[in-house]
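What follows is one structure encoded as structure tokens, with my remarks underneath.
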Amino acid sequence: MHIRPPFSALAGLGLAASALSVVAASTTTARPAPTRAEWREVFSPDGTIQRVHLNREVRSSLAPRSQVAAAEVIPIEVNGPSESRIDLVFVGDGYTAAQMSSFSGHVQSKFQEVMAKEPFRSHRKQFNVWQVNVVSQQSGVDNDPSNGINRNTALDMGFWCAGIERLLCVNEAKAQQYASAARDVDQVVALGNTTKYGGAGGAVATASGGNAQAGEIAVHEMGHSIGGLADEYSYGKGDRYQGPEPAESNVSTYTSAAMRQNKAKWARWLGQATPDGGVIDTYEGAFYHQRGIYRPSQDSIMRTLGREFNLPGREAMIAAFYRETRLIDASASAAHVTARTRLWVHPLKATASVHTIWRVDGHQVGHGDDIDLKEFRLSNGTHTVTATVTDTTPWVRSSTLRRSALTDTRTWSVAG
Ligand SMILES: [Zn+2]
């Protein structure tokens, strides 16, 4: 499934774009508002995150398009058809032909790191994972271990991007070209052959393949690219957010009292114990500002790597997973259904909380994956049979989200 990224396609998305341009307007004057494509996130070993603006020269150095070599694609985990799965594609840089088994090991460990984190852990079956064996002439990445070291590699990865040691940049155009060899691409993760901690957030997430914590970067980045979540960190200057209520579900200008009153944003989670610690409330400081804007919890992964998603973040991620994957993978044909037909659905059993309810003419008649219509002795005339598959997970509280994203229905017309 192709995810429509909430940020990277800013031009087509008025809400996100206007929210961001207002943020930019409070920190810059007269210049055009920067878009997300001009920013990269820098991740420190202690988990703190910052955003840096890349100037035009640095950006253009990251995007030259050139013909890339053919590369072997290895399925790491295939759980279903790509039209109804989120396809995660790993590409590598600085791995020579002789080091492909090392690359495989790094992909496995990063993938396991992502899938160890909720809600990925419980929703693993909604993902396909691919490894593209990108072969480099030389081993390692640029400016590793120190600035000034250059290596001839397939994706031009290197530390000290834009003068920042731990900012590990990649030629994004080449990374995406290689990734497109996979059956489908929803998120590209580029691993560099290094043990030095580093990475970057952007259209292509990058991480050190040989560093044990770098998979967290991919998790945080999917918070943006899949969940549409905002960053919950702020900068040190103490400035006040002046913009309108942001479109993102995990940041708000409302205090808890106003949020409750307006039934806005994470009102339904207020006071609940959250997996990242403490209770859900409105904590001041988020979305790159220290004042005038709130986050749902003290310290989630959208603020600091190594943490869990908070309850509103987890809910948004699950809803997004289901927007990209249908709950019914296959079902009985709608043609020639008679009163003696056995009808069936194959639900995507992502979690144990996925249930199927069968109805005949609106009346509930059963549950499970199939029903035999002859048991119901249908009267003459036309009847409507429906199968409704719903994930009843308590991690989603919004009935609107459950109806729109966590429910899938099939309908058959039966000649009785
Ligand atoms: Zn971020």
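The values are calculated or read from the model by the stated rules, or taken from the named source; none is laboratory data. Note that the structure is a prediction, hence the values are computed from the model and not measured. Methodologically, a virtual Cβ is constructed for each residue, glycine included, from the backbone with ideal geometry; neighbour enumeration extends over all protein chains shown. SASA here: full protein model, heavy atoms, side chains in, ligands and nucleic acids out. Shrake-Rupley method; radii C 1.70, N 1.55, O 1.52, S 1.80 Å.
A compact table of results
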item	result
Residue count, the stretch 388-406 (criterion: in contact with a Leu (Cβ under 7 Å, 6 or more places away or on another chain) and in a strand (DSSP E or B))	3
Those strands (runs of 3 or more DSSP E) lying entirely in the stretch 39-112 with at least 2 residues among the small types (Gly, Ala, Ser), more than 16 Å from the ligand (Cβ to nearest atom) and buried (at least 18 other Cβ atoms within 10 Å of the Cβ)	none
Counted residues, the stretch 343-366 - those being open to solvent by 70 Å² or more (accessible area, probe 1.4 Å) and over 18 Å from Asp329 (Cβ atoms)	4
Candidate set: the stretch 370-402, residues that are modelled with pLDDT under 95 and basic (Lys, Arg); chosen: the one surrounded by the fewest Cβ atoms within 10 Å (Cβ to Cβ)	Arg377
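Here's the yes/no breakdown for (1) open to solvent by less than 10 Å² (accessible area, probe 1.4 Å); (2) farther than 30 Å from Ser146 by Cβ; (3) within 12 Å of the ligand (Cβ to nearest atom); (4) of a type in the set (A, V, I, L, M):
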residue	(1), (2), (3), (4)
Tyr197	no, no, no, no
Thr206	yes, no, no, no
Glu216	no, no, yes, no
His224	yes, yes, yes, no
Ala230	yes, yes, yes, yes
Pro244	no, yes, no, no
Ser249	no, yes, no, no
